[in-house]
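Just so you know, all these numbers are worked out from the coordinates, no wet-lab data involved. Nothing here was measured: the structure is a model prediction, and the numbers come from that model. Note that each Cβ is placed from the backbone with ideal geometry, even for glycine, and that neighbours are counted across all protein chains shown.
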Amino acid sequence: MTHMRFERASSARGTPADPGSSLEELLASSAKGDEKAFAELYDQTSSRVYGMVLRVLRDPAQAAEVTQDVYLEVWRQSARFDSSRGAVLSWLLMIGHRRAVDRVRSAQSSINRDTRYTVLNTERAYDETSEQVQAGLEAQRVRKVLNDLTEAQREAVSLAYFGGYTHSEVAELLHIPLGTVKTRIRDGLIRMRDALGVPT
Amino acid sequence: MSQHELIGLAGAYALDALDADERAVFEQHLRDCAECAEEVRGMRAAAAELSQVSAVAPPPELRASVLNEIRSVRPLPPVTDNVLSFRRSRSGRVWQGLAAACALIAIATSAWGFQQHRDNRPTDAISASGLLSATDTAAVSGAVGPGTATILYSRSSGKVALVGHKLPAPPSGKTYQLWMISASGTATSAGVFTPDTGGNVTSVATSQVADAVRMGVSVEPAGGSAEPTPGAIFATMNI
């Protein structure tokens, strides 16, 4: 998984247990209580997890809190990771994304959804500000693939992933049928999957 | 939902864009559908790539804070039987709700005196338990996936009732089992409960409530177990 190098480059802190270890090996060591291995796992993945959570929540303090919860959960569950269900990084991001989305959805009952949509619409969820973006070949590659999606696919995928909206909400926001949203999300992800050649 | 419709949800599922009901339905299906599981793996891997464009280093102090926190937490042991697949696929998320509901609950039941009612008249069973007339009956309720669980308990009478609606089904051949856990860590069966096809269940039990400091829920072979299968308790709450 070449994209790990990108993360490693972005986090030079710490005393790596073994800079050559894969995330899966680091997680396996963590399961046995190896805190150094876990620190290395954190260093290799935290900018991906934190950045995604921050994008969804938009509040750095909350994003840090959720990220901390994610890593505690990963530490706790480290022996229970199941590689047949996906890669370590996917697992971390899944835990993080669910927590972030849960938080926006539960906070949402008390705020006006239209406000969030205005913010999103203005900023274009996928059109991130440059200072928040780590330079990196992998990121550029993903960006290029995103740009190759249709506008409609990119919008649906971004609203769901970075906006934290359910597909029904995306349909309402965009005034299009739910079936259309499902198709756009699915086609967009399939296109990304195939273009990036991600291991499945 | 047809297979075609279900597999069409894999993308939205991978983006956490399903609402709670849809997610519960889809996750139940995922347990038995290799094709959808494969589709989800691919979609999730693609979704993970999205985070490349949002990557940003966390505040430096977060690292120390995380590493400090884990020092006082023991990683859970691996799960060693086939409850595993259930736990992973249906996951804590659904059950966190029940755990939350159970947090304040004293279900101190045991195998004896346990009855389960699957009719649509839960109040009859609860009335019969005396819970409605006990002076110290307390109730808690919480969301469990798409449904709810409400538990009534009375420390003085030792009676506990659980009423669930739209609860997720346990895996085939398995049942849920409640446990009362004492301060010394001894788990005592609090009876088994299996929601009907609509996810409804009412169970009433009698036991010692006094010794319990925690309650747990596990998945056990049909009929329940004398003691929890190691690692099978997936939700525990202090009471």
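Annotations for the structure displayed:
- Principal semi-axes in Å for segment B:1-82 [√(5λ), Cα gyration tensor, largest first]: 32, 20, 11
- R0 of 35 Å, Cβ-Cβ distance B:ALA183-B:THR229: FRET efficiency to nearest 0.05: 0.95
- Scattering curve values for segment A:132-200, log₁₀ I(q)/I(0), Debye with Cα scatterers, q = 0.14 Å⁻¹: -0.44
- Judged by the mean number of other Cβ atoms found within 10 Å, the most tightly packed of the peptides A:186-193, B:55-62 leads the ranking A:186-193, B:55-62.
- Peptide ranges A:141-154, A:159-172 listed from the most packed, as the mean C-beta count within 10 angstrom indicates: A:159-172, A:141-154
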